[in-house]
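Worksheet for the structure shown next.
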Amino acid sequence: MAISVVTLGRLPKYLRILKKMQLENINNVSSTSIAKELGFNPIQVRKDLACVSKTDGKPGVGFVVNDLINDIEEFLNINKSKDIIVIGAGRLGQALMNYSGFENKIRVVRAFDVDKKKCDNKKIFLMSGLKNYVKKNKISVAIITVPREAAQVVCDKLIDCGIKVIWNFAPINLKVPENIRIKNEDLSASLAILLNSY
Ligand code: NAD
């Protein structure tokens, strides 16, 4: 089922609190309690969950937490492990590599950089090894955290290696062919929206 980007953006939030409930050995949950926990509209939550869940929340019982987690993970395609690489092991690249808040099957496995001094040959490697690694390990997702001036060249290189999905943090709108999925994160744009949305 196709759902809106806004709904898609809410699903990881549901997942986060469902996983917290799972750790607390809570077996069932109603859409109303999920809505309350997140400060969302209960009708919205019911609609969202109806889009992704194969089971209904039974009246008086609610959803089975484990089943709902599985359904959302399956829907988001994060039920299988996904290895991601980072290009540019500077401040942001290293922060993303060390970030533990991605879904547990999504792992930032390796970073590549042009700067020999940054490479420890454990997690950070020279760019010269990029193509071989991507092909051998069938990597399809990459994060770009290089300076703006280097980003388009890095992007083209990634596509040439076989990368299909790019998450770009450099402040530039990268040009990619139609078959490549890209998200350009733009902190200035987000801040402009925030400051002007009163
Ligand atoms: P940084 O200078 O700390 O790191 C950049 C890294 O990219 C360096 O290790 C450098 O050696 C490497 N690099 C340069 N050219 C390369 C190339 N051609 N191929 C591979 N590696 C290359 O910078 P940063 O602060 O981590 O920021 C990285 C990017 O993210 C920038 O475009 C910046 O504007 C953007 N950004 C940074 C932040 C932040 O909080 N630091 C936030 C949002 C966006």
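Every number here is computed from the coordinates shown, using simple stated rules; none is lab data. Quick caveat, the model's predicted, so the values are computed rather than measured. Quick reminder, even Gly has a Cβ in these numbers, built from the backbone with ideal geometry, and neighbours come from all protein chains shown.
Data for the structure
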| read-out | value |
| --- | --- |
| Convex hull per residue volume in Å³, alpha carbons only, for the chain | 152 Å³ |
| Residues D156, D113 arranged by fewest to most Cβ contacts within 10 Å | D156, D113 |
| Rg/Rh for region 145-187, where both radii come from Cα atoms and Rh is the Kirkwood radius | 0.92 |
| Cα-based shape type of region 109-161, given that a ≥ b ≥ c are square roots of the gyration tensor eigenvalues and the cut on a/c is 1.5 | oblate |
| Options I124, S140, N77, ranked by Cα towards positive dipole end of the chain, top entry (Cβ charges) | I124 |
| Farthest positive-ward along region 5-76 dipole, Cα basis, beta-carbon charges - from N27, F40, L8 | F40 |
| Alpha-carbon spread of region 5-76, three principal axes, descending order, Å | 31, 22, 21 |
| Cα shape, region 82-193, gyration tensor, a/c 1.5 rule | rounded |
| Helix 148-161 vs. the chain, principal-axis angle (Cα, 0 to 90°, nearest 10) | 80 degrees |
| Burial ranking of peptide ranges 5-14, 182-191 (average Cβ count within 10 Å, highest at the top) | 5-14, 182-191 |
| Violating pairs (Cα-Cα greater than 20 angstrom) within the set K20/K105; K80/K118; K13/K58; K80/K136; K82/K164 | K80/K118; K13/K58 |
| Rounded to the nearest 20 debye, dipole of region 82-193 from Cβ charges on Lys, Arg, Asp, Glu | 500 debye |
| Helical mean residue ellipticity (222 nm; -39500 (n - 2.57) per DSSP H run of 4+; nearest 500) of the chain | -13500 deg cm²/dmol |
| Whole-number percent relative contact order across region 76-136, with pairs defined as alpha carbons under 8 Å at least 6 apart | 31 percent |
| Lys, Arg +1 and Asp, Glu -1 on Cβ, resulting dipole of the chain about Cα centre, debye, nearest 20 | 520 debye |
| A111 long-range amide H proximity, modeled H, under 5 Å | V86, I124, F125 |
| Dipole magnitude of region 5-76 about its Cα centre (Cβ charges: Lys, Arg +1; Asp, Glu -1), debye to nearest 20 | 220 debye |
| Whole-number percent relative contact order across region 5-76, with pairs defined as alpha carbons under 8 Å at least 6 apart | 37 percent |
| Mean separation of Cα contacts under 8 Å (6+ apart) over length of the chain, as relative contact order % | 13 percent |
